[in-house]
Amino acid sequence: MLLLSWLAPVALLIVWELLAQAGWLSPQVLPAPSKVVRTAFKLATSGSLLNDLGVSLLRATAGFAIGGSVGFALGILVGFSRIAEAAIDRSIQMIRAIPFLAALPLVIVWLGVGEAQKIFLVALGVAFPIYINTTLGIRQVDPKLLELGRVQGLGTLELIRRVILPGALPSILTGVRYALATAWLALVVAETIGAQSGIGFLAMDAREFLRTDVIVLTIVIYALIGVAADGIARALERRLLAWHPNYGSAR
C-alpha cells in the first residue's frame, strides 16, 4: 500500500522530467526536476537551505504548541459548558472567518515583523481546527457510554478521563491533522513580510531574481513537510487509538 501511494507522484515526476528534457517546458516557467535537485544540493552544501528549513520548523513548532494548547483548552471549555459556548463561541467563529492576509497588517502593527508576528499567525491558524474538533468530539461521545460509566460508579473526573476524552480523541486527532496543514499555510503568509530567513523568505527572494528552480524547490519542501507531518499524525492515531475498531496497525 505504501508503494502504491507513491506511484502517482513518481509517475508525475517522470513525465515532468521527460517533458522538460524534450524542450516542451521552458526552464524559466517550470524547470526540470533534475535541475531542482541540483539546486537543492547546492543550497544544502552551502548551508543556507538547512538554516532556512530549521528556522521555519522552529517557527511552526512554536506556533503549533501555543495555538494547539489554546485551541484544546477552549475546546474542552466549550465542549463541557453550554454557558461557555454562548459566551465565547460566536466570537471565536468570527475571528476564524478572517483571512490571514486581512489580519496581517494589524498583526504587524501589534507585533512588528519579527519572530513574534510569525509565531502568532501560526498559532492563530492552528488554534481553530483543534478547537472545533475538540468541541465536536466531546459533544459526539455516545450518551450510552456515559450512562454505562455512571452505572459503573464513575465520578465526574473519572468519567471525563476514562470515557469522554478517549471517545473524543479521534476527532481531536483529526483536528491535529488539519492544524498541521494550516500551520504551514500561516507560516508561508507570515514569512512573506519582513523575514530574513525561512523557507518563505527563500521563495520570496527567489521571486525577485526569477529563480523558478528555487521557487519550485520551496514548494516541494512544503509538500514533503506536509507528508511527513501527516505521517506523524497517522502514527499518533495508530498508537493512541489502538483500541478503536477503525484504527490500528492495519490502517
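When the chain is fully extended, how far beyond the present Cα-Cα distance does I14 get from A242, taking 0.36 nm per residue of separation? It would help to have the intermediate numbers written out before the result.
On the way: separation 228, 0.36 × 228 = 82.08 nm, distance 3.79 nm.
Fully extending the segment from I14 to A242 adds 78.3 nm.
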Difference of contour (0.36 nm per residue) and Cα-Cα distance, W6 to Q93: 27.6 nm
Lys/Arg +1, Asp/Glu -1 at C-beta; the chain dipole; positive extreme among A183, Q117, L240: L240
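Evaluate the relative contact order of the chain (contact order divided by residue number), counting alpha-carbon pairs under 8 angstrom at least 6 apart; express in whole percent.
Averaging sequence separation for qualifying contacts and normalising by length gives 25 percent for the chain.
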Nearest-ten-degree value, helix 48-80 long axis tilted from longest Cα axis of the chain: 20
Gain in span if fully extended, V113 to L224, counting 0.36 nm per residue against the direct Cα distance: 37.3 nm
Choice from A65, A179, A86 showing the highest fluctuation, given a GNM over the chain with Cα pairs closer than 10 Å: A86
Longest site-free stretch - the chain; sites: chymotrypsin sites (Phe, Trp or Tyr not before Pro), DSSP loop, at most 13 other Cβ within 10 Å: 25-208
FRET efficiency estimate (nearest 0.05) - Cβ-Cβ, S34 to R139, R0 41 angstrom: 0.20
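Given +1 on the Cβ of Lys and Arg, -1 on the Cβ of Asp and Glu, and no further charges, what dipole in debye does the range 1-143 carry about its Cα centre, rounded to the nearest 20?
Numbers: 9 positive and 6 negative charges, 35 e Å.
In debye, rounded to 20, the range 1-143 gives about 160.
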Formal net charge of residues neighbouring G200 (Cβ-Cβ distance under 12 Å; K, R +1; D, E -1): 0
Nitroxide proxy distance, nm - points 7 Å out along Cα→Cβ at L25 and L104: 2.7
Reported label for calculated Cα Rg over 2.2 N^0.38 Å given (1) 0.98; (2) 1.08; (3) 1.23: (3)
For the range 93-171 versus the range 211-242, the gap between their alpha-carbon centres in whole angstrom: 22
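Bear in mind these aren't lab numbers, they're just calculated from the coordinates by the rules spelled out. Bear in mind the structure is a predicted one, so any value in this text is a computation, not a measurement. Please note: Cβ atoms are built from the backbone with ideal geometry, for glycine as well, and neighbour counts cover all protein chains shown.
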